[in-house]
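To start, the structure itself, in C-alpha cells.
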Amino acid sequence: MAKALNPELPLPQHVAIIMDGNGRWAEERGLKRTEGHKEGLNALKRTIVAAAKLKIKVLTVYAFSTENWARPKREVQYLMSLPHLLNQKVMPELMKNNVRVCLTGNREHVPDKTWSYIESAVKKTADNDGLILNIAFNYGSRLEIVKACQSLAKEAAEGQLDPVDIDEESFSQHLQTAFLGDLQDPDLLIRSSGEIRLSNYLLWQLAYSEFVFTDTKWPDFDEDVFYACLAEFQHRQRRFGKV
C-alpha cells in the first residue's frame, strides 16, 4: 500500500473511517485501554487536518457504536467524555481549518452532559464551510435502516406516500446521512488495526465504496498512513457494476 498520491488522479470526496485498535494499542504497551482512546483523539486530529489540507469534502468517523455499550463500564464512561476533550483539544484545529462538525447517531442512552458537548461542537463550527466532520456517535446502521423503514411505513399509512413510489432515492432520504445530499455515500472506507469487517457501519451507504484495511492501529494512524490509503483508492477501478 506504499504508493504516493498522484496529483492527476481524483481523491475521494467522502471518506469514512472505522477508528479501530485503541484498546489493543494500549494493552500492548501495558497501559489502560482509556489511554488508547486518549491517544486516538490525537490521531483523529491529525487525520482531520490532513483531510482538510487535501480539500476532501466529508470525513465520517465511527466514534461510538450502539454495540459499544456492552464494553466495560469504566471504558464506556471514558468514551462518553471524549466529546468534551474534542471541544478542549481539537476545536482550535477545527476552527483553524474551517471544519464543520455534524452528527450522525442517536440521543438515546447518551448522558446529557455528553450530548451537550456534541451539540456545542456542532454549534461552534456551524458557520464553517470547509471539510464536514461527520461524527457517528451512538450509531448503528441496522437501527438506522429500521428507523428509515418505520418512517416510510408511517408516511404510507397516513396516505402521504404510495408504497410503489418507494425507491433507493426516497429510502436514502430517510437515512441519518440524508443531510449530506449527493455526498452521503462514501467513496472510500478505511479501517485501521487489521480487522476486516464493517461492524454495523453505514451498511446502505457503503454499497459501492472502495475498502482499504490497514494494519496500523488507530493511535499510530498519521498523515503518511492516510495518504497511503488514499493512494490505494486512486489505483482502484470503480465500475459500479459495469464492465
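Figures for the structure shown
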quantity: The chain - mean residue ellipticity at 222 nm from DSSP helices (-39,500 (n - 2.57) per run, n ≥ 4, rounded to 500); calculated: -12000 deg cm²/dmol
quantity: Protection-proxy order for peptides 132-143, 115-126, each taking the mean of Cβ atoms within 10 Å per residue, highest first; calculated: 132-143, 115-126
quantity: Residues with amide H under 5 Å from that of residue 200, placed H, sequence gap 5 or more; calculated: none
quantity: Chain lengthening between residue 236 and residue 8 when straightened (0.36 nm per residue, less Cα-Cα); calculated: 80.7 nm
quantity: 16 Å Cα-Cα reach of residue 38 towards lysines, excluding residues that sit fewer than 8 places from it in its own chain; calculated: 89, 217
quantity: Given 123/242; 96/147; 57/113; 32/57; 124/242, the pairs whose alpha carbons are separated by over 32 Å; calculated: 123/242; 96/147; 32/57; 124/242
quantity: Inter-label distance for residue 168 and residue 128, nm, one decimal - labels placed 7 Å from Cα along Cα-to-Cβ; calculated: 3.2 nm
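Bear in mind these aren't lab numbers, they're just calculated from the coordinates by the rules spelled out. The structure displayed is predicted, hence computed values, not measured ones. When we count neighbours, we look across all protein chains shown, and the Cβ atoms used for this are built from the backbone with ideal geometry, even at glycine.
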